[in-house]
Amino acid sequence: METNRRLWLKKIGIGVAGIGFTNFNSFTSPLVTENLNTSFENDASLIFLRSNENPYGPSPLARKSFIDNANISNRYNWDVATQLISDLSKKNSVKDENILLGAGSTEILDLVAKFVSIGKGNYVIADPSYDYWTFTLDNLGLTKNKVPLTTDKKINLQAMLEAVNQDTKLVYICNPNNPTGTICEREALVEFVAKIPQNTIVLIDEAYLEFTKQQSLSNMVNDQKNIIIAKTFSKIYGLAGARVGYAIANKEIIDNLSNLQSNTNNSVSVVSKLAAIASLKDDKFVSNCYSLNEDVRQYTISELKKLNCECISSTTNFIYFSLSNYKKDYFKQLEDNTIQGGRIYEEQGKWTRITVGKMDEMKKFIKAIQ
Ligand SMILES: Cc1ncc(COP(=O)(O)O)c(C=O)c1O
């Protein structure tokens, strides 16, 4: 697998030596180019529980849209961006001027990183949290200020607040948090944001919010000028490979981020944008995915507990659990059963993360580690 990864990177023109190994996992596809003809659905031997993708998606409406619209891929089309922005602004109760499209929320995070790194300073991030994108901040010269989670693996908002100083350019809150699956309650977050100085950007990453019942902070962006919400179609909408994400922020911030994006709102392909538009119409698919995820997650947690693995209560499509009391070689068990799982995030307590797949996949996962 390691060789395949290298091959794949070579093919896309990135040598392993050119990037940090920690960044490597963040954008490595589980499939290599020569395997691309093998569909996920047909290759029963591989189980992908590593990247928090939606095992059920894309939605039927999105699949139809891909097929129907493949033949217009020969044309540039700027109007589709306008349509998607309009749909997203309605969905999030903001204006069109408050939305910026990106190739996944990764591009949005990257634009924010570049924007806040104009001038020196620091950024504040929980530890562990979703930090694959932050090497841009590090490489552009910002100092990383990591704030430990609480003992129950929640983001410690009070400690994050205390970590902010006059040189802080950015505070990043992943809500719910990846890899722990914990959530900051909306009220607490609203209070937190209000206490952050206006010249510090607060980036709220809502990649997994659709797996919860909690409302987005999107309606704050017009009053609170320093807040940016990052959203994605990669998770509950099942469009990880299609690369569609967006930012919601005050117009001034959106304009600043747009200035750093050479083809504003058009780094996402027309076909992907049309699939995103179709996905937004498929509420039934989203609610089915939500319910299936709840059931399968509950099953997986109860089985992990039977194996003496402490589990953090999750609001997402992944579970953070401890291998401290697990007797076998967990990663070997996964490998032997062709299951792509996670890694250790915290040595102390041997905390790892597993994506919630379909029920049959999780049964195989449990059987593999029993
Ligand atoms: C918290 C979080 N934010 C952002 C992303 C990036 O997702 P994408 O670029 O596919 O939108 C991920 C992907 O796993 C994630 O977990």
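The values are calculated or read from the model by the stated rules, or taken from the named source; none is laboratory data. For clarity, every value in this text was computed on a predicted model and none was experimentally measured. All Cβ positions, glycine included, derive from the backbone under ideal geometry; neighbour counts span all protein chains shown.
Which residue pairs have Cβ atoms closer than 9 Å, lie 6 or more positions apart in sequence or on different chains, and pair a first residue in segment 101-125 that is free of Cβ contacts under 8 Å to residues at least 60 places away in the same chain and in the same structural domain as VAL268 (by TED's automatic domain parsing) with a second residue that is assigned to a strand (DSSP E or B) and near the ligand (Cβ under 9 Å from one of its atoms)?
That search, which allows pairs on different chains as well, returns ASP110/GLY102; ILE125/CYS174.
Looking at PHE211, is it in contact with a Leu (Cβ under 7 Å, 6 or more places away or on another chain), at pLDDT 95 or above, within 14 Å of the ligand (Cβ to nearest atom) and at negative phi?
no
Please find, among ASP79, ASP96, the residue that is without any contact (Cβ under 8 Å) to a residue 24 or more places away in the chain, touching a Ser or Thr at 6+ places or on another chain (Cβ under 9 Å) and more than 25 Å from THR168 (Cα to Cα). Can you show your working first?
Working: ASP79 fails: touching a Ser or Thr at 6+ places or on another chain (Cβ under 9 Å).
Only one candidate passes the filter, namely ASP96.
Hand me the list of strands (runs of 3 or more DSSP E) wholly inside segment 154-234 holding 3 or more residues that are free of Cβ contacts under 8 Å to residues at least 12 places away in the same chain and within 15 Å of ILE125 (Cα to Cα).
Filter on segment 154-234 gives an empty set.
Out of the residues in segment 82-111 that are within 9 Å of the ligand (Cβ to nearest atom) and among the hydrophobic types (A, V, I, L, M, F, W, C), which is surrounded by the most Cβ atoms within 10 Å (Cβ to Cβ)?
Result: ILE108.
For the structure I just gave you, tell me whether TYR330 is touching a residue at least 40 places away in the same chain (Cβ under 8 Å) and not assigned by TED's automatic domain parsing to the domain that holds PRO148. Break it down into steps so the answer makes sense when it comes.
Values: touching a residue at least 40 places away in the same chain (Cβ under 8 Å): no; not assigned by TED's automatic domain parsing to the domain that holds PRO148: yes.
No: the conditions fail for TYR330.
Against the condition away from the ligand (no atom under 16 Å from the Cβ) and within 20 Å of ASP79 (Cα to Cα), how does VAL296 come out, does it pass? Talk me through it step by step, then tell me what you get.
Values: away from the ligand (no atom under 16 Å from the Cβ): yes; within 20 Å of ASP79 (Cα to Cα): no.
In short, no.
Report yes if some residue within segment 241-248 is surrounded by 22 or more Cβ atoms within 10 Å (Cβ to Cβ), among the charged types (D, E, K, R), within 13 Å of the ligand (Cβ to nearest atom) and assigned to a loop (DSSP other than H, G, I, E, B); otherwise report no.
No: zero hits.
Any chance you could count how many residues in segment 132-153 are without any contact (Cβ under 8 Å) to a residue 12 or more places away in the chain and under 16 Å from GLU346 (Cβ atoms)?
Qualifying residue count for the region: 2.
If THR264 meets every condition in (1) within 11 Å of the ligand (Cβ to nearest atom); (2) over 20 Å from the mean Cα position of the chain (by Cα) apart from one, which number is that one?
It fails just one condition, (1).
Restricting attention to segment 52-81, report how many residues are surrounded by 10 or more Cβ atoms within 10 Å (Cβ to Cβ) and either among the basic types (Lys, Arg) or within 16 Å of the ligand (Cβ to nearest atom) (or both).
9
With respect to ILE67, is the statement that it is at pLDDT 95 or above and either in the same structural domain as ASP360 (by TED's automatic domain parsing) or more than 30 Å from ASN219 (Cβ to Cβ) (or both) true? Please lay out each step first, then the result.
Details: at pLDDT 95 or above: yes; either in the same structural domain as ASP360 (by TED's automatic domain parsing) or more than 30 Å from ASN219 (Cβ to Cβ) (or both): yes.
Considered against the rule, which asks whether it is at pLDDT 95 or above and either in the same structural domain as ASP360 (by TED's automatic domain parsing) or more than 30 Å from ASN219 (Cβ to Cβ) (or both), ILE67 comes out as yes.
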